[in-house]
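For reference, the structure is listed below as structure tokens.
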Amino acid sequence: MKKIVTGLVLLQMCFSCNYLDVVPDNIATIDYAFRTPLTAEKYLFTCYSWLPSHANYASSNPAISGADEIWYNAYFNESYAAFSIARGNQNVLTPYVDYWVGSQGGKPLFRGIRECNIFLENIHKVKEMSEFDKDRMRAEAKVLKAYYHFWLMRMYGPIPIIRDNLDITAEENTIRNLLRRPVDECVDYIVELIDEASPNLPDEVPFEVQEKGRITKPIALAIKARVLVTAASPLFNGNTLFSGYTLKDGTPLFNSTYDETKWERAALACKEAIDLCHQLNKELNYYNIAQSPYAISDTTATELSIRTAITLKWNPEIVWGNTNSMTNAYQTRSYPRIFPGAANYYGGEASVPMKIVDAFYSRHGVPIEEDKTWHYTDRFELRTATAQERLFIQENYVTAAMNFDREPRFYASLAFDGSRWYGQGVFTDEDNFYITARAGGTASGHAYSYSATGYWPKKVVNHLNAAGPTLWTVQTYPWPVIRLADLYLLYAEALNEAYGPSQEVYDYLNLIRQRAGLGTVEESWTTYSTRPDKYQQRSGLREIIRRERTIELAFEGSRFWDLRRWMTAPEELSKPIVGWDVLQEEPEAYYRQRVLFERQFRTRDYFWPVQESELLKNRDIMQSPGW
């Protein structure tokens, strides 16, 4: 029987598919779309087109600008949909970054799921295509379908599960019976799709130039690992906050009983993904100083190891890079003005709040508030940089004491007043550029091109970029949706939650710390921390792992989801946004803390609201908790 699919954007029947770009003359017929291998492949790429634009910091990805890692100056207060979420302006009339309906920066992901279902239901019709190729493409569509369900689940909690599209003869009650399903059921279905798909996926794409970014087996297993860690986390595992959120028949949509085996299942999934990545020679990215054409120090090489883990295309750490989401705009917004008069060429308004600056470790690899040798109470005092510190801060420049004696990731990830900017066409340790952010400096308060806090997310900017008074060149890169470092941290978290502290947990944390130029967890806490046994306790190690995620994955959009799944968002996202008094000229005035914004995270903010108009069209769809 011919099928016509359900347009879940409106949760009602859709009788037209004119948007398809694989059909000539706007005659959208499913049979034509699956007539040849070429048209079928084009339809598969249509399924890919619904992937969120992960690098779109302003609207499509709420996780970059929607939490507390990135802030913007007053000029951009109302400009970005994601930033409106951070400012507490989410609403039910026109939700920001809406992936249910597809508005305010979001895509209608139920429509993307529909496309995947069309593909899965029709790929068998293609002639002159091998079963091997059909199986591979079918597997890709299943993983995309799983990922779209997962994306929606993180945003809306319990969601309708769209296993198949509906026949044209479906009764109205069948169409309307697309109810939210319990979270555990959603998770099981997502994992089921990935498990079905994985055996038919290639370990690596066979044609790199043409196929980079397509789903492979490591990508599928990494998604599964992330799904199961999310499902095992407090928001979805034993959460009693939403125990009253049930279907009309009384079916609970959240399981309020904690289940430790969810962490065991997550740990197994993480290890499976890691093992396959290792078999395929994936490893943490290191800058090869021996092959560098420039004479650089080990300090600079460590900085480049950290930065190029993000900005180097297809480096060995990238598990999944989204080629449909490039980083030009995000880099532009994160690049402080180094030359005067260049406001038309790059932005520099992406600002890092003080709480994230504080999160980075001391040079001893422990929190600054725990380091016995770091003068935490004097961190706002002024200090002058010496010649020995010139690879971090300009010699003889006065800046805050908190900018000194920090870990390598601090200097690789952040730019600030007086800090070195490696790159910009200069690739040795000599004649480097430095940021001047106080009033009168090149990076200071222009009409809109300045940091509201005094810090920039340097980590996401490619060191090969160059900016001048009349020139701005960007070396873009695919957005790293999943890195190997992320998998290591997910695995360490799952192991600790399932079994408590162990050497295996330390080992995976230490792999990341070693790349960052730090000592081991055991050595650092034992020697330098006021809490020397912290890493030996499950709760203490949990704090360490969460801090490592905040630092290592800073500005990549992980913290937004982490704070929610850990259920620490009410505390963390209710803290004020603080920065320096950036319009001042003298150091004594500039280095005074200033509150930029006060806010409050409410229970309802854990999940997105469904647009109110949708509830009027289908009264069987429940509004999200608290809205």
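Per-structure values
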| quantity | calculated |
| --- | --- |
| For the stretch 481-570, the Rg and Dmax computed from alpha carbons only, in angstrom | 12.6, 36 |
| Virtual spin-label span in nm between residue 527 and residue 275, 7 Å along Cα→Cβ | 3.5 nm |
| Label point 7 Å beyond Cα of residue 613 along Cβ direction - residues of the stretch 70-100 with amide nitrogen under 17 Å | 91-100 |
| Descending semi-axes in Å of the stretch 296-480, equivalent ellipsoid built from Cα gyration tensor | 25, 20, 16 |
| Between 0 and 90°, nearest 10: helix 538-552 axis offset from the chain longest Cα axis | 80 degrees |
| Calculated SAXS-style log₁₀ I(q)/I(0) at q = 0.05, 0.06, 0.07, 0.11 Å⁻¹ - the chain, Debye, Cα scatterers | -0.23, -0.33, -0.45, -1.11 |
| Ranked list, fewest to most other Cβ atoms within 10 Å of each Cβ, for 435, 296, 318 | 296, 318, 435 |
| Virtual spin-label span in nm between residue 377 and residue 595, 7 Å along Cα→Cβ | 2.4 nm |
| In degrees, nearest ten, helix 109-122 long axis to first principal axis of the chain (Cα) | 50 degrees |
| Ranked 186, 270, criterion: other C-beta atoms within 10 Å, fewest first | 186, 270 |
| Two-site label geometry, residue 588 and residue 514: point separation in nm, points 7 Å out along Cα→Cβ | 4.9 nm |
| Estimated FRET transfer efficiency (residue 391, residue 45; beta-carbon r; R0 41 Å; 0.05) | 0.35 |
| Gained length - residue 243 relative to residue 581, 0.36 nm times residue gap less alpha-carbon distance | 117.2 nm |
| Modelled FRET efficiency - R0 45 Å, residue 429 with residue 121, Cβ distances, 0.05 increments | 0.15 |
| The chain: angle of helix 484-499 to the longest principal axis, Cα-based, in degrees nearest 10 | 80 degrees |
| Gyration tensor verdict on the stretch 286-337 (Cα atoms; rounded if a/c is under 1.5, prolate if a/b is larger than b/c, oblate otherwise) | oblate |
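Laboratory data are not the source of any read-out in this text; all were calculated from the coordinates shown. All figures in this text were calculated on a predicted structure; none of them were measured in a lab. Note: ideal-geometry Cβ built from the backbone for every residue, glycine included; neighbour counts use all protein chains shown.
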